[in-house]
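Let me begin by presenting the structure, written as C-alpha cells, before commenting on it.
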C-alpha cells in the first residue's frame, strides 16, 4: 500500500492519461488506484489517523496539527504529550535531571498493522504520520510527519541576514542579524534548551560562512566544511 499526502486524484488521472507518470502507471496496473474520501476536517494528521485506525476523529482523538494544554490553554502538538522530568538535583547554577522526559502518543485507536501482527502477519510501516512514539507490533516502523524535534515542536527555522531586522511578535522562527567581515560571516545555530542550566538558555553551535563568489560559498560547522551553491539543496 502506497499513500501520498495531499495527492489529487483528478490531477493524477490526467497526468497518467498524458503518459507523464509511467512508473506510477505500472503500479496502478499491478494493483488498484482510485479516489478516497477524506475526513472532516480534511487535514493530514486527521486523515492519516483515520486511515490507520479505521475510525473518525471523535474516536482517534486527532482533530488538527495542534490542540491545547488543559492546564493553561496554550497550544501544543496534537500528536504527542511531552513531559519533562521534575526530579532534579541543583548545584549552584547547574541542575542534574534525575531521569529523562516522557513522551506519549495522543492518537487513540488500534492501527491495522497491529491487528495484522496479532495474526502473525509482519508489516513494514514507513513514514506514516501520527505514529510516534512507535507502538510495539509484529513488524518495523519509521515514523514521519508529527515527530517532534528536540524543542518539542514541529520544526522551526533560523534566518540569518546582514540587513536590519524588524521585530515580529508572530514569527515562529529565529531571525539573526549578522555582520560580514570581508568574505566571512560568523554566527551560531540555536538548539534546544540546555537541560543542565537553571537559567533559560539554548544550546549553541558556532559556524562560519565563507563567501567565495556571487554564486558559491562554504559552510564550516563542527570541523566539517560544506559547499553551498545557488539554487541547490545542501
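Points worth noting:
- Gyration tensor (alpha-carbon) shape descriptor, the range 158-229, a/c threshold 1.5: oblate
- Computed [θ] at 222 nm, deg cm²/dmol, the chain (DSSP H ≥ 4; -39,500 (n - 2.57); rounded to nearest 500): -4500 deg cm²/dmol
- Percent of beta bridges antiparallel (DSSP, the range 37-143, rounded to nearest 5): 70
- As a proxy for reagent exposure, 186, 214 were ordered by neighbouring Cβ count within 10 angstrom, fewest first; the result is 214, 186.
- The range 37-143: C-alpha gyration tensor shape, a/c 1.5 cut-off, then a/b vs b/c: oblate
- At 1.002 mPa s and 20 °C, Stokes D of the chain from Kirkwood alpha-carbon radius, µm² per second: 96
- Legend: ranking of residues 212, 220 from fewest to most surrounding C-beta atoms inside 10 Å; resulting order 212, 220.
- Sorted by Cβ density within 10 Å, fewest first, the residues 71, 28: 71, 28
- Between the range 135-162 and the range 92-119, the C-alpha centres lie 14 angstrom from each other.
- Structure remark: mean-square fluctuation, Gaussian network model of the chain, C-alpha springs under 10 Å; the largest value among 67, 216, 131 belongs to 216.
- Taking every DSSP bridge with both residues inside the range 76-216, close to 70 percent are antiparallel.
Each reported figure results from applying straightforward, stated rules to the coordinates on display, with no laboratory input. On a predicted model such as this, the values are computed, not experimentally measured, just so you know. Positions of Cβ are generated from backbone atoms using ideal geometry, with glycine treated the same way; all protein chains shown enter the neighbour counts.
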